[in-house]
Amino acid sequence: NELSIKADLNYINFNDNKLYKPTFLAIFKNNKLNNLDFYTKIDRKNFVNVSFDKKKDISKIKSNDFGKLFSTIELSNSIKNGDGSIELSTGKNNTISGKINIEKSFTILPDDDVKKSVIKDVDDDKNFKVLEKKLKKNKGITFDKLVGRFSYLNDILTFKEVVASSKYIGFQILASGFINVNNNDMNIKGLFMPVGLVNGLFGINKVPVISTIIF
């Protein structure tokens, strides 16, 4: 009633990228996947580890460079660096719920439309001169940490209480909204506030803000 499959390889090709030294362990019980552990180098120094535990109903993705991971799987080229983890679980009606925790510095490089929108909204606000300067020079926004919750159902990725902190530009962003991954429609609202006001996750409307922006 139990089957274990293990593999240790030199490399595999994925989306025209070479993954180095992948190891794979899958355990099936009664013809159903019970445990999974997959580890690979996504380049010479960065890794990704994907695990699944049916008993706990938790899948976890760990990486020391989420920017590199997202570009490798062709999810996004707008994030650079970022060390952390993403946890996933399945709820009612096959809703996928998740928690994200990215630490160490990472940079978000917004596309031209978002960049123009941000620059326009903060142009008259002295709190954001550093941000405005970085975006105009196309250097992106560097953060120390990002935590938050999200869910996925029927092609809609919904963000709930996502908090990004940045000592580099002196403020935090709280964000909520959704992205339709089928047609790329999105509606995300972000609140700016000084660093230190938010240390955890709670209602986005319960904090003092210094500016509001809609993407």
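The values are calculated or read from the model by the stated rules, or taken from the named source; none is laboratory data. Keep in mind it's a predicted model, so treat the numbers as computed, not measured. In this analysis, Cβ positions are derived from the backbone assuming ideal geometry, glycine residues included, and neighbour counts consider all displayed protein chains. Ligands, DNA and RNA are excluded from the accessible area calculation, which covers all protein heavy atoms including side chains. Shrake-Rupley method; radii C 1.70, N 1.55, O 1.52, S 1.80 Å.
Couple of notes before you dig in:
- Answer residue from region 170-188, given it is in contact with a Gly (Cβ under 9 Å, 6 or more places away or on another chain) and over 18 Å from ASN101 (Cβ atoms) and is surrounded by the most Cβ atoms within 10 Å (Cβ to Cβ) among those: GLY177
- Of ASP83, ASP53, ASP57, all but one fail to be touching a residue at least 24 places away in the same chain (Cβ under 8 Å), of a type outside the set (Val, Ile, Thr), open to solvent by 40 Å² or more (accessible area, probe 1.4 Å) and within 21 Å of ARG149 (Cβ to Cβ); the exception is ASP57.
- The single condition among (1) closer than 25 Å to ASP83 by Cα; (2) more than 21 Å from the chain's Cα centre (by Cα); (3) open to solvent by less than 100 Å² (accessible area, probe 1.4 Å) that ASP43 does not meet is (2).
- Residue among LYS120, LYS68, LYS99 that alone is modelled with pLDDT of 90 or more, out of contact with any Pro (no Cβ under 9 Å at 6 or more places or on another chain), farther than 19 Å from GLN172 by Cβ and open to solvent by 50 Å² or more (accessible area, probe 1.4 Å): LYS68
- Subset of region 154-169 that is open to solvent by 30 Å² or more (accessible area, probe 1.4 Å) and in contact with a strand residue (DSSP E or B) (Cβ under 7 Å, 6 or more places away or on another chain) - its residue that is nearest to LYS129 (Cα to Cα): TYR168
- Qualifying residue in region 33-40 (condition: open to solvent by less than 50 Å² (accessible area, probe 1.4 Å), aliphatic (A, V, I, L, M) and over 22 Å from GLY140 (Cα atoms)): yes
- When VAL48 is tested against the conditions (1) touching a helix residue (DSSP H, G or I) at 6+ places or on another chain (Cβ under 6 Å); (2) open to solvent by less than 60 Å² (accessible area, probe 1.4 Å); (3) over 22 Å from ASP8 (Cα atoms), the lone failure is (3).
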